[in-house]
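**Q** Shown below is the structure under consideration.
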Amino acid sequence: MVKKAIFLMMAALLVFTAACSSGGGGEQGSGSKDESVNLRIAWWGSDTRHEYTQKVIDLYKTKNPNVKIDVEYASFDDYWKKLAPQAAANQLPDIIQMDISYISQYAQNGQLEDLAPYLGNQIKVDDVAENVISTGVINGKQYGVPAGVNVLGFQYDPALLKKAGVDAMPENLTWESYEALGKQAAEKGLYLDGGVAPDIFFHYFLRTKGKSLYNPEGTGLGYDDDALFVEFFGLMQRMIEQKAAPSPDVANQTKGIIEESDLVKEKGIGVWQWSNQFVALQQVANRPLAIAPMPGPDMEKGLYMQPSMYWGVTSNSKVKEEAAKFIDFWVNDEEANKLIKGERGVPISGKIKEAIAPELSDATKQVFEFVASMEPKASPMSPPPPVGSPEVISSLADVVEELNFGKITAEQAAQTFRKNAESVLANNK
């Protein structure tokens with residue numbers, strides 16, 4: 001009787017254990033070749049991104065036949081609208097694509113898993129630069145692995161530059177020589193650039209001065225002297241006044257539409273933007289373009305490698321180990337990256353960058369070469385923007401537009417922005 005009772009207890013225990021490891025892919029640590037695993041993965045992007053991402057997923061399933069993957073994708077705005085209720089219900093997909101402006105919020109809310117225990121185990125990062133992998137660290141924890149990296153630069157038409165009377169971009173461009181270049185372009189009826197994204201380029205400028213847009217804690221601005229605001233945005237305002245950059249009303253007509261941009265229409269020499277935006281610009285312009293480094297002085301202090309986006313594993317996932325394996329596949333699989341071709345930014349693995357180089361278009365090769373030349377010069381990235389940063393960025397854009405329309409002075413804009421930003425960021429204290 002005792003033996004029979006023990007046998008029945010063991011049988012019941014085995015049934016209970018099996019039940020716990022079935023259904024939604026099993027508990028964390030599952031994913032052996034013989035065990036069925038269900039993964040959910042979500043991302044945003046264009047139709048082209050959806051198509052090749054599905055091919056990468058199909059390739060992963062071919063190499064891991066025990067894994068079933070459900071996909072969810074949308075446009076950028078719709079993506080976050082869909083993710084919010086899933087987060088509230090603790091039902092996020094296992095793997096989610098994270099933007100730099102949202103990762104702090106999801107990490108702070110406890111919705112992302114610390115990936116540090118998986119680095120060097122499920123996720124190999126031995127040939128990834130430290131200043132790249134560390135961009136996913138928030139408050140000492142690795143909440144994201146970059147899907148690819150970008151770097152800022154000036155993307156321009158060399159032929160239009162010559163039309164402005166300049167044979168080549170200065171090797172060590174400064175903000176002073178940048179303004180002088182703008183005057184030369186304006187004299188020939190050309191814009192030097194199409195204007196700058198205020199938060200991105202002001203942040204770069206602040207970094208060259210040893211400051212940043214936000215303080216390390218995310219509870220306030222990262223600079224105390226508003227003269228820095230006046231210096232940078234005063235220069236941008238002068239560029240508009242001198243017709244070296246379009247006025248806000250002109251810029252607003254073509255904002256976000258590549259085909260309507262001044263460079264494509266040969267009215268503007270170039271545009272300041274992220275390296276991963278170059279390929280689309282080159283395709284639409286359909287003529288030779290080039291990329292030049294950011295202005296200095298102290299360009300190296302300002303420059304940083306920024307993730308185009310991150311892959312994160314959610315805290316509610318029951319298959320975290322398998323999710324980490326998929327991220328490793330994205331980072332380190334050569335076949336997968338021949339499908340991706342750097343669309344989500346330059347690969348973070350040195351071996352992969354070298355392996356897929358022959359597969360790239362000429363424009364993508366230009367991007368890879370530019371990023372490779374800038375990586376040794378880049379400094380560590382500032383912490384990801386804090387909770388509330390979208391409101392801060394919106395406020396900055398509003399006051400800069402008023403400044404550029406001539407409705408307020410640079411000093412007034414600086415004071416208004418500080419008041420608005422500090423009010424939002426104070427909620428993080």
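The values are calculated or read from the model by the stated rules, or taken from the named source; none is laboratory data. Note that the coordinates shown come from a computational prediction; the quantities given were computed from them, not determined experimentally. Neighbour counts are summed over all protein chains in view; Cβ atoms, including those assigned to glycine, are modelled from backbone coordinates with ideal geometry. Note: accessible area is taken over every heavy atom of the protein model, side chains too, but ligands, DNA and RNA are not part of it. Shrake-Rupley method; radii C 1.70, N 1.55, O 1.52, S 1.80 Å.
**Q** Which residues' amide hydrogens lie under 5 Å from the amide hydrogen of Gln142, considering only partners 5 or more residues apart or on another chain, with H built in the peptide plane?
**A** Leu115, Ala116
**Q** Still on this model: What is the sum of charges, Lys and Arg at +1 and Asp and Glu at -1, for the other residues whose Cβ falls under 13 Å from the Cβ of Ser373? Could the numbers behind the result be given before it?
**A** Numbers: positive: Lys353, Lys365, Lys377; negative: Glu171, Glu300, Glu369, Glu375.
Here the charged neighbours net out to -1.
**Q** Also, I was wondering about something else. How large is ³J(HN,Hα), in whole Hz, for each residue of the range 195-208 in order, when computed from phi with the Karplus curve 6.51 cos²θ - 1.76 cosθ + 1.60 and θ = phi - 60°, using x for Gly and Pro?
**A** x, 10, 6, x, 5, 5, 7, 5, 4, 4, 4, 4, 4, 5
**Q** Residues with amide H under 5 Å of Met309's amide H, sequence separation 5 or more or different chain, H placed in the peptide plane at 1.01 Å from N; which?
**A** Result for Met309 returns Ala147, Gly148.
**Q** Quick check for you: with a 1.4 Å probe and neighbouring chains kept, what is the accessible area per residue of the range 294-429, in Å²? Could you put the intermediate results ahead of the total?
**A** Working: 5570 Å² over 136 residues.
Each residue of the range 294-429 exposes 41 Å² on average to a 1.4 Å probe.
**Q** Relative to the longest principal Cα axis of the chain, at what angle does helix 47-63 sit, 0 to 90 degrees, rounded to 10?
**A** Roughly 30 degrees between the two axes.
**Q** Pop out the carbon and sulfur fraction of the accessible area of the chain as a percent, whole number, probe 1.4 Å.
**A** Details: 10250 of 19840 Å².
With neighbouring chains kept in place, the figure for the chain is 52 percent.
**Q** Which lysines, on any chain, are close to Lys325 with Cα under 21 Å apart, when same-chain ones fewer than 8 places away are left out?
**A** Qualifying lysines at Cα under 21 Å: Lys33, Lys55, Lys61, Lys63, Lys68, Lys124, Lys141, Lys338, Lys341, Lys351, Lys353.
**Q** Another question, then. Could you go through the range 300-313 in sequence order and give the Karplus-derived ³J(HN,Hα) for each residue, using 6.51 cos²θ - 1.76 cosθ + 1.60 with θ = phi - 60°, rounded to whole Hz, and x for Gly and Pro?
**A** Going residue by residue, I get 4, 6, x, 6, 8, 8, 10, x, 5, 5, 10, 9, x, 10 Hz, with x marking Gly and Pro.
**Q** Something else: Tell me the mean residue ellipticity at 222 nm calculated for the chain from its helices only (DSSP H runs of n ≥ 4, each -39500 (n - 2.57), averaged over every residue, nearest 500).
**A** On the way: 18 runs with 195 residues, N = 429.
The helix contribution divided over the chain gives -13500 deg cm²/dmol.
**Q** Which of the following values of semi-axes √(5λ) of the Cα gyration tensor in Å was calculated from the structure shown: (i) 45, 25, 18; (ii) 36, 26, 20; (iii) 32, 25, 20?
**A** It is the one labelled (i).
**Q** Rounded to the nearest 0.05, what FRET efficiency do Phe405 and Asp70 give with R0 = 35 Å and r taken as the Cβ-Cβ distance? Could you check? Write out the running numbers ahead of the final one.
**A** On the way: r = 48 Å, r/R0 = 1.38.
In this case the efficiency is close to 0.15.
**Q** Under 8 Å for C-alpha pairs, at least 6 residues apart: give me the relative contact order for the range 143-247, rounded to a whole percent. All intermediate terms of the calculation are to be shown ahead of the outcome.
**A** Numbers: 81 pairs, mean separation 27.0, N = 105.
The normalised contact order for the range 143-247 reaches 26 percent.
**Q** Ordering Tyr310, Tyr102 from largest to smallest accessible area (1.4 angstrom probe), what's the sequence? Numbers along the way, then the final one.
**A** On the way: Tyr310 0, Tyr102 55 Å².
Ranked from most to least accessible, the order is Tyr102, Tyr310.
**Q** Any lysines with Cα under 28 Å of the Lys183 Cα? List them, leaving off those in the same chain fewer than 8 positions away.
**A** Partners found: Lys162, Lys163, Lys209, Lys243, Lys255, Lys265, Lys267, Lys301, Lys407.
**Q** Which value, in Å³ per residue, describes the convex hull spanned by the Cα atoms of the range 98-235?
**A** Dividing the Cα hull volume of the range 98-235 by its residue count gives 150 Å³.
**Q** When the Kirkwood hydrodynamic radius is evaluated over all pairs of different C-alpha atoms of the range 294-362, what value in angstrom, to one decimal, is obtained?
**A** On the way: mean 1/r = 0.0701 Å⁻¹.
In the range 294-362 this quantity evaluates to 14.3 Å.
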